[in-house]
Every structure is written in C-alpha cells, then in structure tokens.
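Inspection log for the structure reproduced underneath, given as structure tokens.
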Amino acid sequence: EFTVLFKPNQKDFPAELYADSFVRAVNLAATYGGAIITIEGHSDPMGYLRAKNDGKPEVVLSQIRQSGKNLSIARAVQLREALIADAKRKGVKLDSSQFAVVGHGIDAPTVASPANQQEWLSNMRVVFRILQVEAEESVFKPLN
C-alpha cells in the first residue's frame, strides 16, 4: 500500500516523487496476477462541511459532493495511468482492467474535521492497495 498526496483541486501529481513506490507496486502487480489492485481516490470534505454549516441549499451540497467524487475518480485514474506507463517503460505489461478504480469523494477522509493544514491536505489523496483474493476456498465448509 502507498499513498499519493495532492494539492487542492489537483488531479496531476509528480510521478518521480513516487518512483520507489511505483517500482514496488509494478513488481507486486506483475507477481500477483490474481490479486485485486485497488486505487482509491479521496477528496477533502471541508468545502462541503462549510457550505452545510452556512445553510446552503441541498442542491448546492449535492453539487459539492459530486464535484468531490469526480475529483477523487480523476485522481485515481491519473495514478492508474501513471503506473501503467511506468510499467511499460520497464517492459512490464499491466492492463487497466487489473485495477479497480474507486472514487470515494468526501466520504472517507483521513481526518473528518481537520484542525490544521497538514490534516486538511492529508484528505486529498489516492491510496494504492494490492489485495490477494482466492478464487476458491481451500477447505469445504457447508453453508448451513
């Protein structure tokens, strides 16, 4: 697992800062072909919380929530594309179908109500995870 941090409203990131994490991720993705690779994008909820506290109408709150979801998906897609490009440069074939891209939007912040700028910025992130999932169970157990 590794995390890529973003600045407010930023979708792009400097991939070279994460070169070591990319090497590890590409190696794991190539080694564990049956693994589920998730790339989970997140955005910060402060704008939504402030608008809610200010009594903004539900339509505005809904738009802010959707905007956060769109941004989180764009961040996750950007990381996926950067990983695939990095793997290709290294002669490793990864396909976009190997990745489950999820946009959580504002729904899963690291810090729900940030008290400082560092906590605020920590919510603007993408988390890369590899989960080993077995297709079949190794031991029979009846459902009842």
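The values are calculated or read from the model by the stated rules, or taken from the named source; none is laboratory data. Please read all numbers here as calculations on a predicted model, not as lab measurements. Every residue, glycine as well, gets a Cβ built from its backbone with ideal geometry; the counts of neighbours run over all protein chains shown. Just so you know, the surface numbers come from the protein's heavy atoms only, side chains and all, with ligands and any DNA or RNA stripped out. Shrake-Rupley method; radii C 1.70, N 1.55, O 1.52, S 1.80 Å.
Sub-9 Å Cβ pairs linking a first residue in the range 6-25 that is under 18 Å from ASN123 (Cβ atoms) to a second residue that is modelled with pLDDT of 85 or more and exposed (fewer than 13 other Cβ atoms within 10 Å of the Cβ), at least 6 apart or interchain, are PHE6/ASP12; PHE13/LYS7, ordered by first then second residue. LYS52 meets all of the listed conditions (1) over 17 Å from ASP107 (Cα atoms); (2) at pLDDT 95 or above but one, namely (1).
For the range 97-144, filtering for residues that are part of a loop (DSSP other than H, G, I, E, B) and either closer than 14 Å to THR3 by Cβ or open to solvent by 100 Å² or more (accessible area, probe 1.4 Å) (or both) leaves 18.
Looking across the range 34-63 at every residue that is touching a residue at least 12 places away in the same chain (Cβ under 8 Å) and over 19 Å from the mean Cα position of the chain (by Cα), the one that is nearest to SER113 (Cα to Cα) is identified as LEU49. Would you call ASP44 surrounded by 15 or more Cβ atoms within 10 Å (Cβ to Cβ), of a type in the set (Asp, Glu) and assigned to a loop (DSSP other than H, G, I, E, B)? Taking the combined requirement at face value, the residue satisfies it. Checking each residue in the range 65-84 for being free of Cβ contacts under 8 Å to residues at least 24 places away in the same chain and open to solvent by less than 60 Å² (accessible area, probe 1.4 Å) picks out only ILE84.
Take the residues in the range 1-41 that are open to solvent by less than 60 Å² (accessible area, probe 1.4 Å) and of a type in the set (Phe, Trp, Tyr); name whichever of them is modelled with the highest pLDDT. Among residues in the range 1-41 that are open to solvent by less than 60 Å² (accessible area, probe 1.4 Å) and of a type in the set (Phe, Trp, Tyr), the one modelled with the highest pLDDT is PHE6.
Restrict the check to the range 61-76 and report whether at least one residue is outside any loop (DSSP other than H, G, I, E, B) and in contact with a Leu (Cβ under 9 Å, 6 or more places away or on another chain). Looking for residues that are outside any loop (DSSP other than H, G, I, E, B) and in contact with a Leu (Cβ under 9 Å, 6 or more places away or on another chain), one finds none in the range 61-76, hence no.
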